[in-house]
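Undergrad: So that we are looking at the same thing, I have put the structure below in structure tokens.
The values are calculated or read from the model by the stated rules, or taken from the named source; none is laboratory data. Not measured: the values here are computed from a predicted model. Every residue, glycine among them, receives a Cβ derived from its backbone with ideal geometry; neighbour counts consider all protein chains shown.
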Amino acid sequence: MGIKVVDQQGARLNFLYCLVRNMSKFLSSLIFMLGYLMAAVTKNKQALHDLIAGSYVIRPVPEP
């Protein structure tokens, strides 16, 4: 898909952040998937589990 999950500084997530993000997906799926739908309305297009973990899903710029 060509996407990356990074932290607030743009670095790869460490194990703890990955664990928190994946465990938080349960919260995102509660109540009609509202946690996932938050990505449509938040400033940085983050779902609930991304907000909890402090992560961003990006498309890296291809290198020439």
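Undergrad: So which of PHE32, PHE26 is assigned to a helix (DSSP H, G or I) and loosely packed, with under 10 Cβ neighbours inside 10 Å?
TA: PHE32
Undergrad: Further, regarding this structure: Go through the range 10-21 and give me each residue that's part of a helix (DSSP H, G or I) and either farther than 12 Å from ALA47 by Cβ or hydroxyl-bearing (Ser, Thr, Tyr) (or both).
TA: Across the range 10-21, the qualifying residues are PHE15, LEU16, TYR17, CYS18, LEU19, VAL20.
Undergrad: Search the range 1-16 for residues that are of a type in the set (S, T, N, Q) and pair each with any residue that is surrounded by 13 or more Cβ atoms within 10 Å (Cβ to Cβ) when their beta-carbon atoms are under 9 Å apart and the residues are at least 6 apart or on different chains.
TA: Going by the 9 Å Cβ cut-off, the qualifying pairs are GLN8/GLY54; GLN8/SER55; GLN8/TYR56; ASN14/ASP7.
Undergrad: Taking the criterion of being in contact with a strand residue (DSSP E or B) (Cβ under 6 Å, 6 or more places away or on another chain) and exposed (fewer than 13 other Cβ atoms within 10 Å of the Cβ), would at least one residue in the range 2-15 satisfy it?
TA: Within the range 2-15, one or more residues are in contact with a strand residue (DSSP E or B) (Cβ under 6 Å, 6 or more places away or on another chain) and exposed (fewer than 13 other Cβ atoms within 10 Å of the Cβ).
Undergrad: While we're here: Identify, from the list VAL6, VAL41, the residue that is over 25 Å from PRO62 (Cβ atoms) and modelled with pLDDT of 95 or more.
TA: VAL41
Undergrad: Of all residues being touching a helix residue (DSSP H, G or I) at 6+ places or on another chain (Cβ under 7 Å) and in a loop (DSSP other than H, G, I, E, B) in the range 43-53, which is farthest from TYR17 (Cα to Cα)? Just the residue, please.
TA: Residue satisfying both the conditions and the ranking: LYS45.
Undergrad: Now for a separate question. Which members of the range 38-53 meet the condition of being surrounded by fewer than 14 Cβ atoms within 10 Å (Cβ to Cβ) and farther than 17 Å from MET1 by Cβ?
TA: Listed by number, the residues that qualify are ALA40, VAL41, THR42, LYS43, ASN44.
Undergrad: How about the range 45-64: which of its residues are within 21 Å of PHE26 (Cα to Cα) and without any contact (Cβ under 8 Å) to a residue 24 or more places away in the chain?
TA: Listed by number, the residues that qualify are LYS45, GLN46, ALA47, LEU51.
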